[in-house]
Amino acid sequence: MAADRSYVAENARERKRLTALVARASDSDLARPLPADWTVAAVLGHLAFWDQRILALLPRVERGETVAPIDEAAVDWINAAAKPFLLALPPRRMAELAVAIADAVDDRVATLSDAAVARCVATGGAVSLVRAEHRREHLDEIERALSR
């Protein structure tokens, strides 16, 4: 049976939204503060970080290695530890990197074999091919902030 690839269109829709936001955002928009001492660009970097994590894990999945489930308690400290690095990067560069990594991960997950898709699904979300959900959450937050 062929793998469910409905995630490909959903990812593409949110990636296009990300690309459009970055294209129209001014440098001051990208530097705009968000809650908890984040900025628009740092949140885009946060998206890039978690997309890059998938790119780093896919070779392990394809080799049939076990990927541990995400420890939800660790997510907060991982984000907190990454934040200073994301804030240190130039906002425009961070935004461009978010788009480039989104392009790369979406291309990669769209072209996985059916067997690799099944192995990703079997990780129970540790290697989520649906990148759109996380993007949507943060793009909604950013668009609300920029519309104020």
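Yes or no, residue by residue, for (1) at pLDDT below 95; (2) of a type in the set (D, E):
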site: I70; (1), (2): yes, no
site: P84; (1), (2): no, no
site: P90; (1), (2): no, no
site: A98; (1), (2): no, no
site: D103; (1), (2): no, yes
site: D107; (1), (2): no, yes
site: A126; (1), (2): yes, no
site: L129; (1), (2): no, no
site: A132; (1), (2): no, no
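If you filter the range 113-148 down to residues that are of a type in the set (K, R) and surrounded by 20 or more Cβ atoms within 10 Å (Cβ to Cβ), you find that the one that is farthest from P59 (Cα to Cα) is R135.
What helices (runs of 4 or more DSSP H) completely inside the range 1-78 contain at least 1 residues that are in contact with a His (Cβ under 7 Å, 6 or more places away or on another chain) and not β-branched (V, I, T)? Break it down stepwise before answering.
Working: elements: 6-24, 27-30, 40-62.
Correct list: 40-62.
If I filter the range 5-16 for residues that are over 17 Å from L129 (Cα atoms) and either modelled with pLDDT under 95 or among the aromatic types (F, W, Y) (or both), do I get at least one hit? Checked the range 5-16: no residue is over 17 Å from L129 (Cα atoms) and either modelled with pLDDT under 95 or among the aromatic types (F, W, Y) (or both).
Here A110 does not fit the description of being surrounded by fewer than 16 Cβ atoms within 10 Å (Cβ to Cβ) and closer than 22 Å to R148 by Cα. Filtered by the rule that a residue be surrounded by fewer than 16 Cβ atoms within 10 Å (Cβ to Cβ), free of Cβ contacts under 8 Å to residues at least 60 places away in the same chain and within 19 Å of Y7 (Cα to Cα), the range 91-107 gives A100, A104, D107.
Could you please find all residues in the range 39-90 being touching a residue at least 60 places away in the same chain (Cβ under 8 Å) and either over 12 Å from the mean Cα position of the chain (by Cα) or within 24 Å of D27 (Cα to Cα) (or both)? Passing the criteria: V40, V43, L44, H46, L47, W50, D51, L57, L58, V61, V67.
Out of everything in the range 1-54 that is of a type in the set (V, I, T) and touching a Lys or Arg at 6+ places or on another chain (Cβ under 8 Å), what residue ends up being nearest to H138 (Cα to Cα)? Here the residue is V40. The set of residues in the range 79-90 being of a type outside the set (D, E, K, R), surrounded by 13 or more Cβ atoms within 10 Å (Cβ to Cβ) and assigned to a helix (DSSP H, G or I) consists of N79, A82, L86, L87. Under the condition of being under 28 Å from V117 (Cα atoms) and part of a loop (DSSP other than H, G, I, E, B), which residue from the range 127-148 is nearest to the chain's Cα centre (by Cα)? Per the stated criteria, the residue is R131. E62 passes every criterion in (1) at pLDDT 95 or above; (2) in contact with a helix residue (DSSP H, G or I) (Cβ under 8 Å, 6 or more places away or on another chain); (3) among the charged types (D, E, K, R) apart from (1).
The values are calculated or read from the model by the stated rules, or taken from the named source; none is laboratory data. Predicted model only: the values in this text are computed from it and were never measured. Using ideal geometry, Cβ is built from the backbone for each residue, glycine included, and neighbour counts are taken over all protein chains shown.
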